[in-house]
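Please treat every number below as a calculation from the coordinates, not as lab data. Predicted, not measured: the structure shown is a model, and the values here were computed from it. Methodologically, a virtual Cβ is constructed for each residue, glycine included, from the backbone with ideal geometry; neighbour enumeration extends over all protein chains shown.
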């Protein structure tokens, strides 16, 4: 079972960001996918959509391959739903 994966943050936001971003949050029993669109036309505006997917017990206790296959399926489902492929 995967207990933790290291994440490397290269810098923190400074308010000049713009564009479309996917954020992934893997918790204990859930996996959350967020789509964030930040526009900057004088006034910074943020749009956001998210979906929470359950992680079944057998996948939580299974191999890393099973976990990442599940994450990939959830991400593909989310992107299909929002038509952002």
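A few notes on this one:
- Per-peptide average of other Cβ atoms within 10 Å, ordering 40-52, 68-80 highest first: 68-80, 40-52
- Tensor-based shape of region 6-54 (alpha-carbon gyration tensor, a/c under 1.5 rounded, otherwise prolate or oblate): oblate
- 17 Å cut-off, amide nitrogen to a point 7 angstrom out along residue 66 Cα→Cβ, residues in region 20-44: 28-31
- Calculated [θ] (222 nm, deg cm²/dmol) that DSSP helices of n ≥ 4 give over the chain, each run adding -39,500 (n - 2.57): -8500 deg cm²/dmol
- For the chain, share of DSSP beta bridges that run antiparallel, in % to the nearest 5: 100 percent
- Dividing the mean sequence gap of close Cα pairs (under 8 Å, 6+ apart) by how many residues region 19-82 holds gives a relative contact order of 25 percent.
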